[in-house]
Amino acid sequence: MKVLVIGGGGREHAIVWKLAQSRHVDKIYCTPGNAGIAEIAECIEVGPDVEALIDFVKYNWIDITIVGPEEPLSRGIVDAFEKEGRKILGPTKAAAQLEWSKAFSKDFMRRHRIPTADYKVFTSYIHAQEYVRMMGAPRVIKADGLAAGKGVVVASTVDEAMQAIDLIMKDRAFGAAGDRVIVEDCLVGEEASFMVFTDGKTIAPMASAQDHKRIFDNDRGPNTGGMGAYSPAPVITPEMQEIIMATVMRPTIDGLQADGIKYKGILYAGLMIADNKPYVLEYNCRLGDPETQPVLFRLETDLVDIALAVADERLGDIDIAWKPEHAICVVIASKGYPGAYEKGAVISGIRDANKHEKVVVFHAGTAFGEDDACVTSGGRVLGVTASGADIVAARDAAYRAIQDISFDGMQFRKDIAMKAIRTA
Ligand code: AMP
Ligand code: GLY
């Protein structure tokens, strides 16, 4: 079989790495890919327009396409592929609205009684600011549309909330994503990422994961796309998983169905576990990055079998198995990330790091520089991923391997998974 993967980050490298182990796969294409993906797949420049991708898929006899990021989903890539009778893993544009419109997702949750923070949606910043003045702080301010993870401000003072509303609605820092703003109550608890595969009927949970969103140790500094993750997440006990499936995942898929929308693909709930109850902070309609790296490390089942079962709506026919081991991913970022950063620093030591047992260095923002040297080309550069019998062993292996890697200005968190170890 031939598979096409869309994307070029650490998540997509992990997807391609897993696909390369499939007994079904002869050839993997990836667009645009990165320097690490290029070692196991053919990286091609095609798209981003959907017509070009469909032409590529037809011309190269691609059996199934797997979409990494949210952006193509929000443009309706799945609708276009399905119209052409091409298999693809991901939700339609209407279903992906759970991610690309926070106002839609909040209203959807309220209607279907899915637990989430109380909120109001505003189209006028004057009204939004009046509401914040009335309600006080802390308050969470969110741009409605996609903002690359930067459209959410957890404001601890009224002033900060006012500034966030100005930034989103007056300065239009995120363009049309700021047409509407959501002002919501601040929840306090433990965060976790919970992802499932679903064909619209069967919902198959993935191994749980915990992301580390802030740039600095001890959860300080600004939010990022994610600086590290580990799996399993101790906060998601088997009992909690049952509760999440019954109060979040099942009502979400059934609620969409009742609204006339079939959801197929991957559904990700960013959760806050407060007073032993899960609340949805946000939905994503794709795999998380970097959660995918440790989660796919633990996936026993062939990913192609799962992708085909989802596309063909027979997920209920297969069993999905997870390895009992623990896995961790530590992200190495460029200096300046999540703000402005430089590109083109030569990276050394990846080969040595990869020689460590149970370690894989997934590439994110990497490219080929002069003389085919591997250089930095993004904010998040590498995700050093390792597994072990327990989280301590996995963590030690990842941090030992990182010592082999160096590039100018590299930064990474030293405390990934420490909270889990301390509370164990
Ligand atoms: P989101 O993109 O909606 O997941 O928000 C990004 C981050 O902001 C989350 O991972 C949380 O850390 C934080 N956050 C979002 N909504 C809330 C909330 N209602 N209460 C507390 N923190 C929140
Ligand atoms: N790591 C969070 C996300 O993928 O949205």
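Take the chain, connect every pair of alpha-carbon atoms lying under 10 Å apart with a spring to form a Gaussian network, then pick out the residue of Ala327, Ala397, Ala274 with the largest mean-square fluctuation.
For the chain, modelled as a Gaussian network with Cα springs under 10 Å, the answer is Ala274.
Over the chain, what is the percentage of antiparallel beta bridges among all DSSP beta bridges, to the nearest 5?
Here the share of antiparallel DSSP bridges comes out near 80 percent.
So which GluC sites (Glu not before Pro) in segment 243-346 are both in a DSSP loop and have at most 10 other Cβ atoms within 10 Å of their Cβ?
Answer in residue order: Glu300.
Lys323 label point, 7 Å along Cα→Cβ, cut-off 18 Å on backbone N: hits in segment 369-396?
Within reach of a label on Lys323, which here means backbone N under 18 Å from a point 7 Å along Cα→Cβ, segment 369-396 contributes 383-396.
In which sequence would Arg110, Arg250 go, from the one with the fewest C-beta neighbours within 10 Å to the one with the most?
Going from least to most buried by this count: Arg110, Arg250.
Quick one: order Phe368, Phe194, Phe122 by neighbouring beta-carbon count within 10 Å, fewest to most.
Sorted ascending by nearby Cβ count, the order is Phe368, Phe122, Phe194.
Loop only per DSSP, at most 16 neighbouring Cβ atoms within 10 Å: give me the GluC sites (Glu not before Pro) in segment 81-185, ordered by residue number.
Sites meeting the loop and neighbour criteria: Glu84.
If I take R0 = 22 Å and measure r between the Cβ atoms of Glu45 and Asp305 in this structure, what FRET efficiency does the formula 1/(1 + (r/R0)^6) give, to the nearest 0.05?
0.15
Output ³J(HN,Hα) for segment 290-301: one whole-Hz value per residue in order, computed from phi by the Karplus curve 6.51 cos²θ - 1.76 cosθ + 1.60 with θ = phi - 60°, and x for Gly and Pro.
x, 4, 4, 4, x, 5, 5, 4, 9, 7, 7, 5
Collect residues whose amide H, placed 1.01 Å from N in the peptide plane, falls under 5 Å from the amide H of Gly228; neighbours closer than 5 in sequence don't count.
His212, Val331
Suppose each label sits 7 Å from its Cα in the direction of the beta carbon; what would the Asp396-Ala274 distance come out to in nanometres?
3.9
Efficiency by 1/(1 + (r/R0)^6): what FRET value for Arg111 and Lys355, r their Cβ-Cβ distance, R0 = 60 Å, to the nearest 0.05?
0.70
List the chymotrypsin sites (Phe, Trp or Tyr not before Pro) in segment 1-70 that DSSP assigns to loop (not H, G, I, E or B) and whose Cβ has at most 13 other Cβ atoms within 10 Å. Which are they?
Sparse-neighbourhood loop chymotrypsin sites (Phe, Trp or Tyr not before Pro): Trp61.
Tell me, in nm to one decimal, what length is gained between Asp26 and Thr123 on full extension, where the rule is 0.36 nm per residue of separation less the Cα-Cα distance?
29.9 nm
Taking a threshold of 21 Å on the Cα-Cα distance, which of the pairs Lys323/Lys414; Lys150/Lys213; Lys213/Lys335; Lys58/Lys83; Lys102/Lys262 fall above it?
Lys323/Lys414
Kindly give the semi-axes, whole Å and largest first, of the ellipsoid equivalent to the chain, taking each as the square root of 5 times a Cα gyration tensor eigenvalue.
Whole-Å semi-axes of the equivalent ellipsoid: 31, 26, 22.
Can you give the charge dipole size of the chain about its Cα centre, rounded to the nearest 20 debye, using +1 on the beta carbon of Lys and Arg and -1 on the beta carbon of Asp and Glu?
600
Laboratory data are not the source of any read-out in this text; all were calculated from the coordinates shown. Since we're looking at a predicted model, the values are computed, not measured. Cβ coordinates were reconstructed from backbone atoms using ideal geometry, including for glycine residues, and neighbour counts include every protein chain displayed.
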